[in-house]
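The values are calculated or read from the model by the stated rules, or taken from the named source; none is laboratory data. Just so you know, these numbers come straight off a predicted model, no measurement behind them. Glycine also receives a Cβ, built like all others from the backbone with ideal geometry; neighbour counts cover every protein chain displayed. These area figures cover heavy atoms from the full protein model, side chains too; ligands, DNA and RNA do not enter into them. Shrake-Rupley method; radii C 1.70, N 1.55, O 1.52, S 1.80 Å.
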Amino acid sequence: MADTLIRQADVIVTMDDDRRELQRADILIRDGAIAAVGHGLQASGAEEILAQGCAVTPGLVNTHHHLYQTLTRAVPGGQDALLFGWLKTLYPIWARFGPEEMFVSAQVGLAELALSGCTLTSDHLYLYPNGSRLEDTIHAAAEIGLRFHPTRGAMSIGESLGGLPPDSLVETEPAILNDMIRVVDAFHDARPGAMVRVGLAPCSPFSVSRDLMRDAALLARDKGVMLHTHLAENDEDIAYSLARFGVRPGQYAEDLGWTGADVWHAHCVKLDGQEIDLFARTGTGVAHCPCSNCRLGSGIAPVRAMRDAGVKVGLGVDGSASNDAGNLMAEARQTMLLQRVSLGADAMGAREALEIATRGGAQVLGRDDCGQIAVGKRADLAIWDLSGIEAAGHWDAVAALIFCGPMRVRDLLVEGRRVVASGQVATIDLPRVIERQTALAGKLRK
Ligand SMILES: [Zn+2]
């Protein structure tokens with residue numbers, strides 16, 4: 001592959017160790033990695049991308065999603081329900097999904113993320129009806145060209161055992177563990193620069209047994225992969241944990257091996273001070289999903305306290321049935337705004353929100369090769385055109401990205417390859433994908 005030279009960016013927001021911001025600067029990309037960052041770079045024969053009028057940031061990192069849910073956006077029965085009621089409305093619809101629904105909905109979700117500047121996303125797929133498999137989504141990510149961390153989720157406690165999901169959507173625990181081993185062996189790539197890394201992710205403490213939580217943790221350590229689940233999402237969640245397990249979620253997680261640098265939990269809206277200390281001490285990460293938390297009325301996650309304590313925090317759009325948008329830049333903005341709602345206007349600035357969206361997410365996912373623009377890091381980059389209406393008249397290009405947004409990315413590079421070019425997804429036929437998605441949603445409504 002020829003070198004690529006991004007030239008004359010108005011500003012490059014490196015998110016490197018010194019958080020440098022370089023004016024009118026260039027980036028040289030070679031073999032999928034960043035080869036140089038600076039002024040007046042030259043490279044004969046390189047493909048040039050002119051970035052005048054633009055800010056360049058590291059690609060945004062999405063740490064929590066359920067891609068399949070793009071097929072159940074704005075479902076009437078789930079629009080105004082709290083978390084548990086919302087789940088009960090949607091489970092019967094999801095039970096009718098199959099491999100095609102998984103693939104197409106993932107394409108839509110991934111394309112939406114790409115257009116919002118995201119280069120690396122995780123996904124949490126915890127139901128496998130009608131022959132669906134994790135690779136349905138892995139194939140979708142490979143086609144569009146995003147870096148992908150799918151997690152093999154699971155539910156094993158159905159209604160008849162006192163759980164929330166219908167029995168038709170749960171699997172037996174031996175079958176779950178076998179498939180976890182299968183997908184890790186088939187798809188996980190531990191090497192630096194990996195395009196696919198697989199994690200293990202029982203859906204939540206209220207949809208699998210203690211045994212499966214513990215076994216998944218043991219298996220993840222054995223295979224050297226990461227662990228992910230939902231934790232402490234709202235008050236109902238805490239009450240359930242206390243009633244069923246006699247402990248708060250943090251204690252439950254710790255008891256079962258679910259803390260450590262190889263673990264990240266989604267939401268954590270209701271972590272208390274002790275749990276925040278536990279996460280900081282153990283290097284446990286958090287996927288903060290502000291729009292989903294607002295949408296479901298879950299509350300405001302204590303992100304300021306987490307960050308001050310040294311907890312790794314990244315952002316997640318969460319599933320499109322509880323957001324219902326998949327715009328990661330909007331999450332960065334919402335993160336800043338929500339902390340201000342609870343703590344005042346100086347609680348969080350635009351640069352910190354952008355840092356959480358990029359470098360922070362990469363840390364949560366254990367990717368020290370991503371999330372910053374520095375020599376040797378992967379060439380995952382978002383180029384933002386600041387000459388449009390949203391930011392016209394701005395005084396600070398970096399702050400404008402968050403304050404004036406959300407905006408769509410102009411160009412997006414993953415591993416040095418263009419996924420979005422001039423505001424359009426370059427790797428798949430998006431209008432055709434949307435057509436298929438619309439047809440599938442129509443079928444599900446019947
Ligand atoms: Zn979720």
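A few comments on the model shown:
- Inspection of segment 115-126 identifies no residue that is in a helix (DSSP H, G or I), among the small types (Gly, Ala, Ser) and buried (at least 19 other Cβ atoms within 10 Å of the Cβ).
Per-residue answers, yes or no, for (1) buried (at least 16 other Cβ atoms within 10 Å of the Cβ); (2) among the basic types (Lys, Arg):
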{"residue": "376", "(1), (2)": "no, no"}
{"residue": "398", "(1), (2)": "yes, no"}
{"residue": "405", "(1), (2)": "yes, no"}
{"residue": "410", "(1), (2)": "yes, yes"}
{"residue": "424", "(1), (2)": "no, no"}
{"residue": "437", "(1), (2)": "yes, no"}
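- When 71, 50, 60, 67 are screened for being surrounded by 13 or more Cβ atoms within 10 Å (Cβ to Cβ), of a type outside the set (Gly, Ala, Ser) and more than 16 Å from the ligand (Cβ to nearest atom), only 60 passes.
This table checks each residue for (1) in contact with a Lys or Arg (Cβ under 8 Å, 6 or more places away or on another chain); (2) under 30 Å from residue 92 (Cβ atoms).
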position	(1), (2)
163	no, yes
189	yes, no
198	yes, yes
211	no, yes
229	no, yes
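- Count of segment 289-333 residues which are over 20 Å from residue 149 (Cβ atoms) and either more than 14 Å from the ligand (Cβ to nearest atom) or out of contact with any Ser or Thr (no Cβ under 8 Å at 6 or more places or on another chain) (or both): 20
- When every residue of segment 391-407 is checked against the conditions, none turns out to be modelled with pLDDT of 95 or more and touching a Gly at 6+ places or on another chain (Cβ under 6 Å).
- Tallying residues that are assigned to a loop (DSSP other than H, G, I, E, B), more than 25 Å from residue 112 (Cα to Cα) and in contact with a helix residue (DSSP H, G or I) (Cβ under 8 Å, 6 or more places away or on another chain) within segment 127-170 yields 6.
- Of the residues making up segment 315-336, those that are open to solvent by 10 Å² or more (accessible area, probe 1.4 Å) and at pLDDT 95 or above number 4.
- Counting the residues of segment 409-433 that are part of a loop (DSSP other than H, G, I, E, B) and closer than 16 Å to residue 328 by Cα gives 3.
- Members of segment 84-111 that are among the charged types (D, E, K, R) and surrounded by fewer than 21 Cβ atoms within 10 Å (Cβ to Cβ): 88, 96, 100
- Residue check for residue 362: in contact with a Pro (Cβ under 9 Å, 6 or more places away or on another chain) and either within 16 Å of the ligand (Cβ to nearest atom) or modelled with pLDDT of 95 or more (or both): yes
- When 9, 25, 81 are checked against the criterion of being in a loop (DSSP other than H, G, I, E, B) and either among the small types (Gly, Ala, Ser) or surrounded by fewer than 22 Cβ atoms within 10 Å (Cβ to Cβ) (or both), a single residue qualifies: 81.
Every residue, every condition in (1) more than 14 Å from residue 121 (Cα to Cα); (2) among the aliphatic types (A, V, I, L, M); (3) within 24 Å of the chain's Cα centre (by Cα), yes or no:
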residue	(1), (2), (3)
144	no, yes, yes
150	no, no, yes
153	yes, no, yes
157	yes, yes, no
167	yes, no, no
171	yes, no, no
196	no, yes, yes
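- Number of positions in segment 206-242 that are aromatic (Phe, Trp, Tyr) and either within 22 Å of the chain's Cα centre (by Cα) or surrounded by 20 or more Cβ atoms within 10 Å (Cβ to Cβ) (or both): 1
- Scanning segment 412-422 for residues that are open to solvent by less than 60 Å² (accessible area, probe 1.4 Å) and touching a residue at least 12 places away in the same chain (Cβ under 8 Å) yields 412, 413, 414, 415, 416, 419, 420.
- Where residue 252 falls short, out of the listed (1) within 16 Å of the ligand (Cβ to nearest atom); (2) of a type in the set (Phe, Trp, Tyr); (3) in contact with a Pro (Cβ under 7 Å, 6 or more places away or on another chain): (1)
- Any hit, segment 45-57, residues being more than 19 Å from residue 165 (Cα to Cα) and hydroxyl-bearing (Ser, Thr, Tyr): yes
- Taking the criterion of being among the polar types (S, T, N, Q) and surrounded by 12 or more Cβ atoms within 10 Å (Cβ to Cβ), the residues of segment 151-177 that qualify are 151, 156, 168.
- The C-beta contact set for segment 55-71 (first residue on the phi < 0 side of the Ramachandran plot, second residue open to solvent by 10 Å² or more (accessible area, probe 1.4 Å) and within 11 Å of the ligand (Cβ to nearest atom), distance under 9 angstrom, 6+ apart or interchain) comprises 64/230; 69/323.
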